[in-house]
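Take a look at the structure set out below.
Since every read-out is calculated from the coordinates, none of them should be taken as a lab result. Treat the numbers as computed from the prediction; the structure is a model and nothing was measured. Positions of Cβ are generated from backbone atoms using ideal geometry, with glycine treated the same way; all protein chains shown enter the neighbour counts.
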Amino acid sequence: MAQADIQKTVEIDRSKLFSVITRYEDYPKFVDGCSSVEVERKGPGHARVTYHVSMMKDVTYTLDHVEDAESGRVEWKLVKSDALKGNVGRWVLKDAGKGKTEVNYEIDIDFAFPVPGFLLSKLVKGSLPSMIESFVKQARKG
């Protein structure tokens with residue numbers, strides 16, 4: 001099991017960033033390693049999303065997302081996967097004033113196959129700052 005938590009203040013409006021985070025179908029355009037996404041909307045504020053990504057190998061997993069634009073929260077949990085035993089996490093976005101947003105991203109992920117600790121650390125902790133920045137860049141485009 002690998003856990004990571006990153007907090008960062010970014011120069012982008014909270015609603016713009018939230019919109020990019022919840023447009024899962026656009027992830028292959030700007031998220032490294034994400035090759036395709038299928039989205040099934042379960043109603044307002046709920047989405048079931050299947051991701052196809054390349055980590056150490058090609059991995060497919062499905063997450064249930066709960067979205068709350070008012071509070072700036074997106075939470076998810078694993079439904080099924082060919083390579084993961086667990087994947088839970090959340091984005092929490094808070095208005096920091098003057099067009100800035102305080103971002104808190106948390107993830108707890110567990111692979112179904114052995115992964116050396118240094119690789120887990122690199123995958124989960126090492127890539128988070130650049131992953132968050134890719135969302136910010138995408139939000140600035142839109």
Worksheet entry | Spin-label zone in the range 64-82 - amide nitrogen under 11 Å from a point set 7 Å from the Cα of Ala112 along the C-beta vector | 80-82
Worksheet item: Any idea what angle helix 128-141 forms with the longest principal axis of the chain, computed on alpha-carbon atoms, 0 to 90 degrees, nearest 10?
Response: 40
Discussion item. Once you order the gyration tensor axes a ≥ b ≥ c over the Cα atoms, which shape class does the range 75-142 get: rounded for a/c under 1.5, otherwise prolate or oblate by comparing a/b with b/c?
Written reply: prolate
Practice prompt. With just the Cα atoms of the range 2-141, tell me how far they stretch along each of the three principal axes, in Å, largest first.
Written response: 45, 34, 23
Worksheet item: Counting Lys and Arg as +1 and Asp and Glu as -1, what is the net charge of the other residues whose Cβ lies under 14 Å from the Cβ of Ala96?
Response: +2
Discussion item. Classify the range 1-66 from the C-alpha gyration tensor, please: rounded if a/c falls under 1.5, else prolate or oblate depending on whether a/b exceeds b/c.
Written reply: oblate
Worksheet item: In terms of Cα to Cα distance under 29 Å, which lysines are near enough to Lys16, apart from those fewer than 8 places away along the same chain?
Response: Lys8, Lys29, Lys42, Lys77, Lys94, Lys98, Lys100, Lys122, Lys125, Lys137, Lys141
Worksheet, complete the sentence: Ordering 76-83, 93-100 by per-residue average of other C-beta atoms within 10 angstrom, highest first, gives 76-83, 93-100
Item to complete: Be a star and scan the range 1-41 for residues whose amide nitrogen sits under 12 Å from the point 7 Å along the Cα-to-Cβ vector of Thr62.
Response: 38-41
